[in-house]
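The values are calculated or read from the model by the stated rules, or taken from the named source; none is laboratory data. Keep in mind the model is a prediction, meaning the values are calculated, not measured. Here the Cβ positions follow ideal geometry from the backbone for every residue, glycine too, while neighbour counts run over all protein chains shown.
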């Protein structure tokens with residue numbers, strides 16, 4: 001499996017020559033749009049929920065224009081906002097799982113849906129799910145959660161590998177520091193932490 005992170009929670013995952021792009025939001029838009037020409041094909045667009053840091057309409061429109069046959073995996077609340085793009089529906093390659101959005105400091109939380117793609121799992125803005133495949137994208141910095149919660153959940157679910165998401169809030173130095181903390185904390189229960197440098201594809205044996 002190859003994973004490339006474009007920022008925050010936006011990752012491109014390739015498995016068995018099939019590609020899925022997760023959560024193209026406003027914090028990853030610049031990096032992603034500048035790299036669209038480097039993506040030769042895209043099979044699935046996966047959106048966990050409709051918060052702008054996971055779902056930017058300009059980025060989604062650019063993706064739909066470049067790959068009009070791309071298939072959308074999204075819950076109904078998010079899909080309703082994309083009806084004008086007439087995107088097809090993802091097949092069984094993208095499997096939803098229950099992952100409710102965490103409570104927010106202000107306002108109501110939207111419907112959030114986690115998605116499995118092959119051996120990769122992306123929970124969006126949730127630390128309240130109870131299943132994962134062998135590679136878990138773990139949101140570890142958020143106004144609605146904590147790094148301690150994230151680590152404890154990963155220890156309970158025991159994926160083989162954890163990769164970091166939802167970290168736009170951190171400076172490069174802070175990401176590096178947190179990466180060391182996550183690696184040490186997760187290794188105690190036999191979980192490998194693999195960092196995702198921005199814009200660089202990482203090959204992972206799941």
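General remarks:
- Qualifying strands (runs of 3 or more DSSP E) (wholly inside region 99-206; at least 2 residues being modelled with pLDDT of 95 or more and under 15 Å from residue 5 (Cβ atoms)): 120-122, 135-139, 161-165
- Single condition residue 168 does not satisfy, out of (1) without any contact (Cβ under 8 Å) to a residue 40 or more places away in the chain; (2) within 27 Å of residue 32 (Cβ to Cβ): (1)
- When residues in region 68-83 are screened for being part of a helix (DSSP H, G or I) and out of contact with any helix residue (DSSP H, G or I) (no Cβ under 9 Å at 6 or more places or on another chain), 6 of them pass.
- Some residue of region 46-56 being assigned to a helix (DSSP H, G or I), in contact with a helix residue (DSSP H, G or I) (Cβ under 6 Å, 6 or more places away or on another chain) and touching a residue at least 24 places away in the same chain (Cβ under 8 Å): no
- Members of region 8-28 that are in a loop (DSSP other than H, G, I, E, B) and touching a strand residue (DSSP E or B) at 6+ places or on another chain (Cβ under 8 Å): 8, 9, 23, 24, 25, 27, 28
- Complete set of residues in region 29-45 that are within 19 Å of residue 198 (Cβ to Cβ) and touching a residue at least 40 places away in the same chain (Cβ under 8 Å): 31, 35
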